[in-house]
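Scroll down for the structure; my scribbles are underneath it.
The values are calculated or read from the model by the stated rules, or taken from the named source; none is laboratory data. Since this is a predicted model, take the numbers as computed values, not measurements. Neighbour counts run over all protein chains shown; Cβ positions are idealised from the backbone, glycine included.
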Amino acid sequence: MLALSQARSFPAIAIFTMLAGLTGELYRPACSALLADLVPQGQRVRAFAAYRMAFNAGWALGPATAGFLAKYSFTWLFVGDAMTSLLFGVIALLFLPKGIRSERKEANWTEAAAVMRNDRAFQRLLLSSLLIGFVFFQMVSTFGLHVTQLGFSPWTYGMIISLNGLIVVLFELPLTLVSQRFGFERSMMLGYVLTGIGFGGNAFASSMPGLIGCLLIWSVGEMLTMPIAVAQIADLAPVHMRGRYMGAFGFTWASALILGPVVGTNLFRYNPAALWLTCAASAIAAAFVIRRPGAAVAVGTKVALAE
């Protein structure tokens, strides 16, 4: 991040952005696998919701703070990011507990890939995640262009995005009680449909109330799907393959991060409404992909309801 703050040419910006993204995302599969190791089945949805609550507390403060600092110096954004990243690493090294993976050998990728090839539920979850990831990553790319094109300032965009984080902090944990009662597939389908409606609504939103209304809808969709999706992967993965399953899940979202802004910005340049309607279609497609006729409720949800 410090090197990126000093980059002035496009090749340098691209290289340091790639390195920052690579190192910044290394923790995610290990973090999810550690939570799955430490939390018993049936309580993982709430555990991942609690984890996301902490993450989104930072998300709620980050964009608004960034919008404020950007008025004075973009360099301080990168310095602050570097300092908080370093602090994160120190805390993880000194205080995080060891998981099962620290004591038992993780399956290699060849063995894990053979299991994943036969895991239809996992495959559906990955494909639906790729489709919905394309939609969600418009939030940090084209949505900002949309807001500023409507005449609002970058600070306004930061405040709107921060509202998403605040909503998740306040309501996601209680909402997991509802999502668990719905069951995995119904919660995911409903959440994806709401996400599609929220992002698709941007095609018609031109005022601040309209933009906030769309954000509220897609935020509910996010809260219904994100914690339960990761918990489902933890339940599906064999104990010695949790890191591999989480890695494959993370790779899917990384692929969406690669495709989403590239495709999204080109669609936005062609026609903003076309982009947002494409987002709606992609989210609806994700809902259909995740659906399996006659499927039982997820294992983790069954246990949670039994408790």
### Task
Among what's in segment 47-94 and is polar (S, T, N, Q) and closer than 18 Å to Tyr27 by Cα, pick the residue that is nearest to the chain's Cα centre (by Cα).
Asn56
### Query
Of all residues in segment 249-279, which are under 21 Å from Leu211 (Cβ atoms) and small (Gly, Ala, Ser)?
Gly260, Gly264, Ala273, Ala274
### Query
Would you call Phe199 surrounded by fewer than 22 Cβ atoms within 10 Å (Cβ to Cβ) and either of a type in the set (A, V, I, L, M, F, W, C) or closer than 22 Å to Val39 by Cα (or both)?
no
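Do we have Gly133 as under 23 Å from Gly260 (Cβ atoms), at pLDDT 90 or above and touching a Ser or Thr at 6+ places or on another chain (Cβ under 9 Å) here?
Values: under 23 Å from Gly260 (Cβ atoms): yes; at pLDDT 90 or above: yes; touching a Ser or Thr at 6+ places or on another chain (Cβ under 9 Å): yes.
Here the answer is yes, as Gly133 does meet what is asked.
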### Query
Tell me, which residue of segment 5-38 that is in contact (Cβ under 8 Å) with a residue 40 or more places away in the chain, surrounded by 17 or more Cβ atoms within 10 Å (Cβ to Cβ) and in contact with a helix residue (DSSP H, G or I) (Cβ under 6 Å, 6 or more places away or on another chain) is farthest from Gly183 (Cα to Cα)?
Pro29
### Message
Suppose we filter Gly196, Gly201, Gly144, Gly165 for residues that are under 17 Å from Met223 (Cβ atoms) and either at pLDDT 90 or above or not in a helix (DSSP H, G or I) (or both); which single one remains?
### Response
Gly196
### Test: Gly198 is small (Gly, Ala, Ser), more than 25 Å from Asn118 (Cβ to Cβ) and under 17 Å from the mean Cα position of the chain (by Cα)
yes
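Taking the conditions exactly as written (free of Cβ contacts under 8 Å to residues at least 60 places away in the same chain, in a helix (DSSP H, G or I) and within 20 Å of Ala273 (Cα to Cα)), does Gly133 satisfy them or not? If you could, list the steps in order and put the result at the bottom.
Numbers: free of Cβ contacts under 8 Å to residues at least 60 places away in the same chain: no; in a helix (DSSP H, G or I): yes; within 20 Å of Ala273 (Cα to Cα): yes.
Criteria not met by Gly133.
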### Query
Can you name every residue in segment 39-87 that is exposed (fewer than 14 other Cβ atoms within 10 Å of the Cβ) and in a loop (DSSP other than H, G, I, E, B)?
Pro40, Lys71, Tyr72, Ser73, Phe74
### Hey, Val239 β-branched (Val, Ile, Thr) and at pLDDT 90 or above or not
no
#### Entry: Pairs where the first residue, in segment 253-276, is under 18 Å from Ala14 (Cα atoms) and the second is of a type in the set (Gly, Ala, Ser) and surrounded by fewer than 18 Cβ atoms within 10 Å (Cβ to Cβ), C-beta under 6 Å, 6+ apart
Pro261/Ser141
